[in-house]
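The values are calculated or read from the model by the stated rules, or taken from the named source; none is laboratory data. All values reported here derive from a predicted model rather than from experimental measurement. Every residue, glycine as well, gets a Cβ built from its backbone with ideal geometry; the counts of neighbours run over all protein chains shown. SASA here: full protein model, heavy atoms, side chains in, ligands and nucleic acids out. Shrake-Rupley method; radii C 1.70, N 1.55, O 1.52, S 1.80 Å.
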Amino acid sequence: MTSSDSTDYKVLGTRPIRHDGADKVTGRAIYGPDFDTAGLLHGKILRSPHAHARIISIDTSEAEALDGVMAVVTGADWPNNSNGTSMVEDGTGTEIESNSNWLRENLLAGDKVLYAGHAIAGVAAASPHVAEEALALIEVKYEVLEPVLTIQEAMAKNAPILHEGLTTQELGEDSGVVSNTADHFQHTKGNIEKGFEAADVVVEREYNTVMVHQGYIEPHNGTALWNTDGRLHVWCSTQGSFVVRDSLSDLLDIPVSQIRVTPTEIGGGFGGKIPIYVEPVAALLSKKTGSPVKIVMSRKEVFEGSGPTAGSNIKIKLGAKSDGTITAAHAWMAMEAGGYPGSPVGAAAQCVFAAYDIENALVDGYDVVVNKPKTAPYRAPGAPNAAFGMEQAMNELAEMLQMDPIDLRLKNVATEGTRRVDGPTFRRIGAKEVLETMRDHPHYQAAKTEGHGRGIAIGFWFNIGFDSACNIAVNSDGSINLTEGSTDIGGSRTSIAMHAAEVLGIPVEDVRPSVVDTDTIGFTAVTGGSRTTFATGWAAYEAAQDVKKQSIERAASIWDVDSDTLNMEDGVIKSKTDSELKMTFKELASQMSDTGGGITGRASVNPKGVGGSFAGNMVDVSVDDETGKVTIERFTCVQDVGKAIHPSYVEGQMQGGSAQGIGWALNEEYFMNDQGNMANSSLLDYRMPTSLDLPMIDTAIVEVANPGHPFGVRGVGEANIVPPTPAIANAVSDATGNIMTQLPLTPGAVLDSGK
Amino acid sequence: MTTKTHVQTTINGEPVDFLCEPRQSLLECLRDVVGLTGTKEGCNDGNCGACTVKLDGRIVTSCLVLGVEAQGADIETIEGVAEGTNLHPLQLAFLENAALQCGICTPGFIVSAKSLLDQNPNPTEHEIRFWLANNLCRCTGYDKIVRAVQDAAKKMQEAS
Amino acid sequence: MPIIFVPSLMQKLCNGEQKLLIEGTNLRQVIDNLDLQYTGFKDRLVEDGKIKPNISVAVDGEITPLGMIQKVDTNSEIHFLPAISGG
Ligand code: FES
Ligand code: FES
């Protein structure tokens, strides 16, 4: 562990038991599907069997007539006064344009269905079984159209068009050409022609990856009650209750003041629970019936009707001098957006060369619609696809130059002041420290086992700030109640509470953190973009500072001294000049009501000073010669986290991202037939890693403090999923001698790679 | 409306009767009829293990058992693992080892792991991984779960 | 003067210049002055008085959530990037 920060913290860096722990190990915690209320109806959604079709007619009359059915809704039930576009805060905290007509059509189709699984109608009934029976009675007439299933097909001349009104945008300019390419952009730095002329060696290769799913264990769900006073109350598992509120306001055309979203406990998200799916349908059904309506997706619906991440087609070309200096780099990347525009290609393009200081570079990015589910964010969206190509090309380069792959990376590594290919310069980052930790790690130092392959790779992901709010109320026993709005997917309540405990010098057990609804806390952006501990933690830090300031002032008034003469350390307020004058925070709290009333602190922040994170992997694999099956024998994840607030949960993020990356590398894929139907939409056939598939996942936390944050925190949640796919591909190449240009590395694909 | 069947069971040591439709799974009955929502649904087809309960001494995925099949059965769910206000050593070990992130898989893991330790108090890492292979966790990468089970096994042996 | 890094796809608006020094103390002033010098930039960057939703602006290395009211100083670097979706 390297640490550039020797600050002596009392709470940060310890491993307390999470505040919601007892509820979660006893089954008491209420997740979205567990929510119940009097008179609850159950909703189900009818989905398209076709990947591309025009809807001629929908007849719901028989379904409506079924005993126990209370209401049926279709796309015709959307309010029709949309202004066309709206601003929705997305996973990285960027306000993105979201065409609300597209959003509506994705949740209940308009005149076209754009993927198999596209929602068409919703039914509310007394039981989920009756609702399901009713779905079978809805008659939809389709004109089936030719599906467009790959990037290559979509970008081909004369390809069937998904959206007749879609024209390619080029950074604010409308090309006017109707196309399946929604967006094209470019980053340039220096002059790549000159850069390649100066190169002694050049590698060039094309890489393909396919659509994969986040795979959270809890399906999407939501319960809506459209009350008689016109207020809509929604309970759901979401990564962002305010995003749900604002999207509902926009889709249903009612003011945000009329909507209250109560986030329940959430069973995983990884980005996939940033967008909304079933909540507005439940709301429309509730409006029609006057009863609360709950919708829970089935696993098949989660695969076919929520948002996986994009498959991609990426070409990488690198040129380098014989000493290893990279002289030029070119990336051409096209990514699948799914049925509506918005793939993660923008982020992929910003991340592809981020780890390196490259003088001449060009990146072209294309956002392409295809007849597959509309993609959604998935942990460091786009970056693993980019790294799969780039980090394999780096190893190929190392091989050509006969250099150690870590040394080649260190030779070119980005550091503070490096200008990224997309323009901005890096502040203090830890790419170099991550590589050095890898180089010196026992895993890398250990000799490879005979017959095993070893691979390494590194990857980058951003961290965002954006809005977070926090309130703190002091209790008379010296404990504090902390309320915040970031839904807790992986123990963030506790890491946020630790910020407040550190500032006030109290034990973290004396902090009661609660995640509250949208009526009860200030606007808080999504749990995503690696921002929760960073930004909501920052809000807790500020709110605790507010409490601290008021506590000192209160003590000053009790002692009749100037508050400037006092300070508060380790939970004790004391005079700087008079050693007699001191009192604990607890004592002060017990006197609050006699000395001027309760103390509450508050903060709303939109912090700058974000610090991106680098992660690296070392992996040893064995490959069965006969079957092609790859086994992960040893796996190490190294990550710069700035400052590990709760090291156990930081390790947990690193291990979880690694496991998802391993699944992505070896097994996971949307297996589509030629009509665009997913052939493996169950957890049996969509093969996520089980405990038996993985070894222990070793972690090495690197702490290069982020100078932009009071405690040096960087975003931790995402960078760890970036290096696994290329690290494993590099290891398999090392074992087999063949380059892996395609994911997943299934036994068949590994055997074929030798041909 | 379908006619309902009267089912008599013992759940977590208490006699529990419920009415269910022939098509309702035991998982649905536990969650929607009896109100024990600690048992979770992740797939409804036997492949995630979130719905794991103990039925007459064997662990089953309750989404693959019909409610009516539970007639006369002795069922143990996550709600019955702690004794009063005392957490089971496995529950404590999950907390101390940070073996849960979102926690949706946790009830299934604890019910499965408990039945493993009941019959094999000192399992190897491989035996733990093998036993838990029908319980999917997408958050943790299993490392801390396996360590929690090892930790609980050790503490239970020390205590006995 | 603040320096604007012109994205390659916009360089045709300013005769291929990659960097421009443009007067201004906040983003609004800089973009107004840029458009006075090279017509067309405002159209590409701004809609209804705000930065277009699919574009994000980085000032001194950090994406700004403040848009047109973001302050810039004499040696600020300004970058226009495609807004990242995902997270
Ligand atoms: S819900 Fe029963 S195994 Fe997944
Ligand atoms: S902790 Fe989230 S699925 Fe296991």
Flagged in region A:138-149 as open to solvent by less than 50 Å² (accessible area, probe 1.4 Å) and either over 27 Å from A:GLY122 (Cα atoms) or part of a loop (DSSP other than H, G, I, E, B) (or both), in numbering order, are A:ILE138, A:LEU145, A:PRO147, A:VAL148, A:LEU149
Screening B:THR85, B:THR10 for residues that are touching an Asp or Glu at 6+ places or on another chain (Cβ under 7 Å), of a type in the set (Ser, Thr, Tyr), more than 16 Å from ligand 1 (Cβ to nearest atom) and farther than 23 Å from B:ALA133 by Cβ leaves only B:THR10
Residue count, region A:356-370, condition open to solvent by 10 Å² or more (accessible area, probe 1.4 Å) and among the aliphatic types (A, V, I, L, M), comes to 1
From the option list A:ILE728, A:ILE739, single residue qualifying as touching a strand residue (DSSP E or B) at 6+ places or on another chain (Cβ under 8 Å), under 30 Å from A:GLU204 (Cβ atoms) and assigned to a helix (DSSP H, G or I) is A:ILE728
Within region A:19-61, residues of a type in the set (D, E, K, R) and in contact with a Phe, Trp or Tyr (Cβ under 8 Å, 6 or more places away or on another chain) come out as A:ARG54
For helices (runs of 4 or more DSSP H) lying entirely in region A:1-113, having 1 or more residues that are within 14 Å of another protein chain (Cβ to nearest Cβ), at pLDDT below 95 and open to solvent by 10 Å² or more (accessible area, probe 1.4 Å) picks out A:100-107
Note: among A:GLN152, A:GLN169, A:GLN186, just one is under 32 Å from the mean Cα position of the chain (by Cα) and in a helix (DSSP H, G or I), namely A:GLN152
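If you go through region C:29-50 one residue at a time, do you hit one that is within 20 Å of A:ILE464 (Cβ to Cβ) and hydroxyl-bearing (Ser, Thr, Tyr)?
So far as region C:29-50 goes, no, none of its residues is within 20 Å of A:ILE464 (Cβ to Cβ) and hydroxyl-bearing (Ser, Thr, Tyr).
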Among helices (runs of 4 or more DSSP H) completely within region A:241-315, the ones holding 3 or more residues that are more than 17 Å from the chain's Cα centre (by Cα) and within 18 Å of A:VAL212 (Cα to Cα) are A:299-305
Scanning region A:335-360 residue by residue, those in contact with a Ser or Thr (Cβ under 7 Å, 6 or more places away or on another chain) and part of a strand (DSSP E or B) turn out to be A:MET335, A:GLU336, A:ALA337, A:GLY338
Scanning region B:1-15 for residues that are among the aliphatic types (A, V, I, L, M) and over 12 Å from B:THR77 (Cα atoms) gives B:MET1, B:VAL7
Residue check, B:GLY35 open to solvent by 20 Å² or more (accessible area, probe 1.4 Å), away from ligand 2 (no atom under 16 Å from the Cβ), within 12 Å of another protein chain (Cβ to nearest Cβ) and among the small types (Gly, Ala, Ser): yes
Counting only residues that are assigned to a strand (DSSP E or B), more than 13 Å from chain B (Cβ to nearest Cβ) and crowded, with 24+ Cβ neighbours inside 10 Å, region A:631-655 contains a total of 3
For strands (runs of 3 or more DSSP E) lying entirely in region A:561-624, having 2 or more residues that are among the hydrophobic types (A, V, I, L, M, F, W, C) picks out A:566-569, A:572-575, A:600-605, A:613-623
Reported set for region B:57-79 where residues are open to solvent by 10 Å² or more (accessible area, probe 1.4 Å) and under 16 Å from B:ALA113 (Cα atoms) is B:GLY57, B:ARG58, B:ILE59, B:VAL60, B:THR61, B:GLU76, B:GLU79
Within region B:22-78, restricting to residues that are within 15 Å of ligand 1 (Cβ to nearest atom), assigned to a helix (DSSP H, G or I) and free of Cβ contacts under 8 Å to residues at least 24 places away in the same chain, the one that is nearest to the chain's Cα centre (by Cα) is B:ARG31
Filter pass, B:THR85 being touching a residue at least 60 places away in the same chain (Cβ under 8 Å), away from ligand 2 (no atom under 16 Å from the Cβ) and either in contact with a strand residue (DSSP E or B) (Cβ under 8 Å, 6 or more places away or on another chain) or more than 16 Å from B:ASP143 (Cα to Cα) (or both): no
Those residues of region B:114-145 that are within 13 Å of ligand 2 (Cβ to nearest atom) and either surrounded by fewer than 24 Cβ atoms within 10 Å (Cβ to Cβ) or not acidic (Asp, Glu) (or both) come to a total of 11
When region B:38-63 is checked residue by residue, the ones that are more than 15 Å from A:PRO219 (Cα to Cα) and either within 16 Å of ligand 2 (Cβ to nearest atom) or hydroxyl-bearing (Ser, Thr, Tyr) (or both) are B:GLY38, B:THR52, B:THR61, B:SER62
- Message: Yes or no: region A:194-213 includes at least one residue that is within 16 Å of ligand 1 (Cβ to nearest atom), open to solvent by less than 40 Å² (accessible area, probe 1.4 Å) and within 14 Å of chain B (Cβ to nearest Cβ).
- Response: yes
With criteria (1) closer than 29 Å to A:MET654 by Cα; (2) open to solvent by 20 Å² or more (accessible area, probe 1.4 Å), B:CYS43 comes up short on (2)
Note on region A:667-676: residues of a type in the set (S, T, N, Q) and more than 23 Å from A:GLU218 (Cα to Cα) are A:ASN673, A:GLN675
Result of the Cβ filter at 6 Å on region B:90-119, keeping first residues that are closer than 26 Å to A:GLY528 by Cβ and more than 16 Å from ligand 1 (Cβ to nearest atom) and partners that are of a type in the set (Ser, Thr, Tyr) and not in a helix (DSSP H, G or I), at least 6 apart or interchain, is B:GLN101/B:THR140
Exactly one of B:ALA148, B:ALA99 is within 13 Å of ligand 2 (Cβ to nearest atom) and more than 9 Å from chain A (Cβ to nearest Cβ), and that residue is B:ALA148
Within region A:679-702, residues being assigned to a strand (DSSP E or B), more than 8 Å from every other protein chain (Cβ to nearest Cβ) and open to solvent by less than 20 Å² (accessible area, probe 1.4 Å) number 3
The correct count of residues that are open to solvent by 10 Å² or more (accessible area, probe 1.4 Å) and not in a helix (DSSP H, G or I) in region A:471-511 is 14
Picking from A:GLU173, A:GLU146, the residue that is away from chain C (no Cβ under 14 Å) and of a type in the set (D, E, K, R) would be A:GLU146
